[in-house]
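Reviewing the structure listed below.
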Amino acid sequence: MRRLNAVLPVAAVSTALLLAGCSSDTSTDAGSSGAATPTCEPGALPTHTDGKLTVAAGEAYSPWYIGEHDSGEGFESALVYEVADQLGYAEEDVEWELVTFEQIVSPSIKTFDFAAWQTSISDERRKAVDFSSHYLTTRQGVIVQEAGPYASATTLDELKDLRIGVTAAQTSLTLAKAAFGDDANLVPFNGAGDGMTALQSGTIDVMIMDVDQGVAASTEYFPDSVVVGTLPDQGTVEQYGLVLDLNSTLTECVSAAVDALEADGTLAELRTTWLKSDDIPELG
């Protein structure tokens, strides 16, 4: 199997969750690039390595990557190979590189052609990097103890006075404030894994995170928890895009590939196969 060119060691599931939820405070639609448009000749793009497509990702965890990154299993793993196919690259021509989230969103020159790691498109980040067209619009999930007193909650009012965990400086913090008010007892964590551990121990009563990540966490890693709903839309649409160098000559080609996958129904099929949050209700 193709292996990662590792830039950091592989971590346990808790670290994977800690690094997850790579969202920002402000999200916007669509991709961005100020670069000249290449010809998008299949398999002959100006990539870092001729004839190869180098893709960066963080730690592998469900539902985004299942097993090795190159397994084709999981939403983003499958997405990468579909994009590669659109660009004219066979599976064996895709090479993976393991990176930190900071390496993905920093303005430094990349050692990869694009990154696929649940990165929210935002105006602030677009000052440092390019984004492809978005491939997923997501929501914030509300997670509680499955056997606890709040497992039947259907409204925000039932939860607003509780201890609510969020990931610091990420979308969950901003949207939780908007949903529950500035006076809410919000408890920030470095990552979702820390928050889920605190939920299990009773340190907090509620945890807020990306809903698809929350479904995976509650079914695979923290089975004593349950996603009871999502936060209501606060007018901020959170969308994920593939990340490229600022003004990359590849941005428009990668965006065109994502657009084609949306148009032919492939993205919808991938969402149905790998993401299980469509039936999670919005809390009133």
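Look at the stretch 42-59: where a residue is closer than 15 Å to D85 by Cβ and a partner is part of a strand (DSSP E or B) and not aliphatic (A, V, I, L, M), sitting 6+ places away or on another chain with Cβ atoms under 6 Å, you get K52/E95; V55/W96.
Listed conditions (1) closer than 19 Å to V55 by Cα; (2) in a loop (DSSP other than H, G, I, E, B); (3) without any contact (Cβ under 8 Å) to a residue 60 or more places away in the chain are all met by I109, apart from (3).
The requirement of being over 25 Å from P63 (Cβ atoms), free of Cβ contacts under 8 Å to residues at least 12 places away in the same chain, in a loop (DSSP other than H, G, I, E, B) and not hydrophobic (A, V, I, L, M, F, W, C) is fulfilled nowhere in the stretch 161-178; no residue meets it. Please work out which residue is modelled with the lowest pLDDT, limiting yourself to the stretch 62-79 and to residues that are closer than 24 Å to G265 by Cα and in a loop (DSSP other than H, G, I, E, B). Out of the qualifying residues, it is S62.
To keep it simple, each residue is scored yes or no on (1) closer than 24 Å to R271 by Cβ; (2) at pLDDT 95 or above; (3) surrounded by 22 or more Cβ atoms within 10 Å (Cβ to Cβ).
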position: G51; (1), (2), (3): no, yes, no
position: V55; (1), (2), (3): yes, yes, yes
position: A60; (1), (2), (3): yes, no, yes
position: Y81; (1), (2), (3): yes, yes, no
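For the stretch 122-158, residues that are surrounded by 22 or more Cβ atoms within 10 Å (Cβ to Cβ) and not hydroxyl-bearing (S, T, Y) total 10.
Just one of the listed residues (Q103, Q118) is among the polar types (S, T, N, Q), open to solvent by 20 Å² or more (accessible area, probe 1.4 Å) and either farther than 28 Å from A263 by Cα or not in a strand (DSSP E or B) (or both), namely Q103.
Inside the stretch 88-100, residues that are surrounded by 20 or more Cβ atoms within 10 Å (Cβ to Cβ), of a type outside the set (V, I, T) and in a loop (DSSP other than H, G, I, E, B) make up a count of 1.
Where in the stretch 186-284 are the helices (runs of 4 or more DSSP H), entirely inside, with at least 3 residues that are within 25 Å of S132 (Cβ to Cβ), open to solvent by 30 Å² or more (accessible area, probe 1.4 Å) and without any contact (Cβ under 8 Å) to a residue 60 or more places away in the chain?
266-274
Inclusion of V211 among residues that are modelled with pLDDT of 95 or more, aliphatic (A, V, I, L, M) and in contact with a strand residue (DSSP E or B) (Cβ under 8 Å, 6 or more places away or on another chain) is not warranted.
The values are calculated or read from the model by the stated rules, or taken from the named source; none is laboratory data. Worth saying up front: this structure is predicted, and the values here are computed from it rather than measured. No Cβ is skipped: glycine too gets one built from the backbone with ideal geometry, and neighbour counts run over all protein chains shown. Accessible surface areas use protein heavy atoms only, side chains included; no ligands, DNA or RNA. Shrake-Rupley method; radii C 1.70, N 1.55, O 1.52, S 1.80 Å.
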